[in-house]
1. When you scan the stretch 211-249, how many residues do you find that are hydroxyl-bearing (Ser, Thr, Tyr) and modelled with pLDDT under 95?
2. Keeping to the stretch 196-216, report how many residues are free of Cβ contacts under 8 Å to residues at least 60 places away in the same chain and either of a type in the set (Lys, Arg) or open to solvent by 10 Å² or more (accessible area, probe 1.4 Å) (or both).
3. Say we look at the stretch 50-97 and pick out the residues that are hydrophobic (A, V, I, L, M, F, W, C) and in contact with a Phe, Trp or Tyr (Cβ under 7 Å, 6 or more places away or on another chain); which of these is farthest from Asp9 (Cα to Cα)?
4. Tell me the residue from Val207, Val193, Val230 that is in contact with a Pro (Cβ under 6 Å, 6 or more places away or on another chain) and more than 17 Å from Glu300 (Cβ to Cβ), please.
5. Which condition does Glu260 not pass, out of (1) open to solvent by 40 Å² or more (accessible area, probe 1.4 Å); (2) closer than 30 Å to Arg91 by Cβ; (3) within 25 Å of the chain's Cα centre (by Cα), if it passes all the others?
6. Would you point out which residue out of Leu273, Leu246, Leu231 is crowded, with 22+ Cβ neighbours inside 10 Å and touching a strand residue (DSSP E or B) at 6+ places or on another chain (Cβ under 9 Å)?
7. Of all residues in the stretch 77-94, count the ones that are among the β-branched types (Val, Ile, Thr) and either in a loop (DSSP other than H, G, I, E, B) or over 28 Å from Asp45 (Cβ atoms) (or both).
8. Could you go through the stretch 78-94 and let me know if any residue there is crowded, with 20+ Cβ neighbours inside 10 Å, of a type in the set (A, V, I, L, M, F, W, C) and more than 16 Å from the chain's Cα centre (by Cα).
Amino acid sequence: MALTLTTEDKLEYQWYPINGSQIQFRIKAPHDAHIALTTGPFEGDPMWEVFIGGWKNTKSVIRKNRTKPDVSEVASPDILTADEFRGFWIRWNGGYLTVGKEGEQEPFISYVDPDPFSVTYFGLCTGWGASGEWLVEARCIAGQGGGNTSSNSVQPSAPADYQLGSVCWCDAASGALPPGAVVGGEDDEPLYVGRANHEGALIPGKVKPSHGVCYIAWGGEEHAKPEYQVLCGCNPIWVPVSGGNLPPNAVPAGQTEDGEPLFVGRVNHEASLTPGKVHPSHECLYIPYAGEELSFKDYEVLTG
């Protein structure tokens, strides 16, 4: 679900509470898409601002606290258009702020702030002769948004949409990978950390892009899911464990049909490093592999 809104040519931010440490959006505007990251629903210090397609669609910049010169600047001719929506992502981790295009892993502009702050709100606006139409990924928004929107029912993420620092789960399908997708393993290609619904459970597994599915393990078998979610926006830390002895900072990533939390794990098997689900009460990791659900007592678990 996406939040849709229109911003006028007036350089006046519309504010929304942020969920996690990234936002994903699409914008249709001739130039000057402005995004602010703040500690509250207002302009003030501290504040980061990202201007995409500024100066009549010739360059993009990042600035802090409305001061000059801008802290980061790149040429970006024709990055926006009034004819179609174009997608972007913004992520921050401590003082490291990055901005990239939808479908691209690498940012086109970044900034390291030696004096970072905790972002709790973002604002959107257009100006300098431009108005804009926006589509903002709803799972980035905490609770009910404000401002002029075409929807009055923006809901907080469900409990399973676990947020940890810059981590979030992003909807995907048919082998697609959202920006910042987390690599969790490798066989003949990178395998990504994903999860999918099955028989009333939300189960962590592996996304294999060339197959167009997320594979999950359940009931002794491997199941292929063409619609899934992908873990995004973090640098994973994998910790060796044995049995059900999980560290306290293991990252919850799903739940069984009975409501027991599941975690993300991985293991080397048959020359493949394969992600799967850690089932604490079973004291093991299950991975989907070659049509089967395989269990392992010694494995690595994702922590944050």
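The values are calculated or read from the model by the stated rules, or taken from the named source; none is laboratory data. Treat the numbers as computed from the prediction; the structure is a model and nothing was measured. Cβ sites come from the backbone with ideal geometry, for glycine too, and all protein chains shown count toward neighbours. We work out accessible area using only protein heavy atoms, side chains counted, and drop any ligands, DNA or RNA first. Shrake-Rupley method; radii C 1.70, N 1.55, O 1.52, S 1.80 Å.
1. Initial filter on the stretch 211-249 (hydroxyl-bearing (Ser, Thr, Tyr)): 215, 228, 242.
Still in the running and modelled with pLDDT under 95: 228, 242.
Qualifying residue count for the region: 2.
2. Final tally of qualifying residues: 10.
3. We begin by selecting, within the stretch 50-97, every residue hydrophobic (A, V, I, L, M, F, W, C); these are 50-52, 55, 61-62, 71, 74-75, 79-80, 82, 85, 88-90, 92, 97.
Then drop every residue that is not in contact with a Phe, Trp or Tyr (Cβ under 7 Å, 6 or more places away or on another chain), which leaves 52, 61-62, 71, 74, 88, 97.
Numbers: Ile52: 15, Val61: 19, Ile62: 20, Val71: 25, Val74: 24, Phe88: 21, Leu97: 26 Å.
Top of the filtered list is Leu97.
4. Details: Val207 fails: in contact with a Pro (Cβ under 6 Å, 6 or more places away or on another chain); Val193 fails: more than 17 Å from Glu300 (Cβ to Cβ).
Of the residues listed, the single one that is in contact with a Pro (Cβ under 6 Å, 6 or more places away or on another chain) and more than 17 Å from Glu300 (Cβ to Cβ) is Val230.
5. (2) is the only condition that Glu260 fails.
6. Working: Leu273 fails: crowded, with 22+ Cβ neighbours inside 10 Å; Leu246 fails: crowded, with 22+ Cβ neighbours inside 10 Å.
Step by step, each of Leu273, Leu246, Leu231 is checked, and only Leu231 is crowded, with 22+ Cβ neighbours inside 10 Å and touching a strand residue (DSSP E or B) at 6+ places or on another chain (Cβ under 9 Å).
7. If we filter the stretch 77-94 for residues that are among the β-branched types (Val, Ile, Thr), which is where we start, we get 79, 81, 90.
Filter once more, keeping what is either in a loop (DSSP other than H, G, I, E, B) or over 28 Å from Asp45 (Cβ atoms) (or both): 79, 81.
Number satisfying all stated conditions: 2.
8. Looking for residues that are crowded, with 20+ Cβ neighbours inside 10 Å, of a type in the set (A, V, I, L, M, F, W, C) and more than 16 Å from the chain's Cα centre (by Cα), one finds at least one in the stretch 78-94, hence yes.
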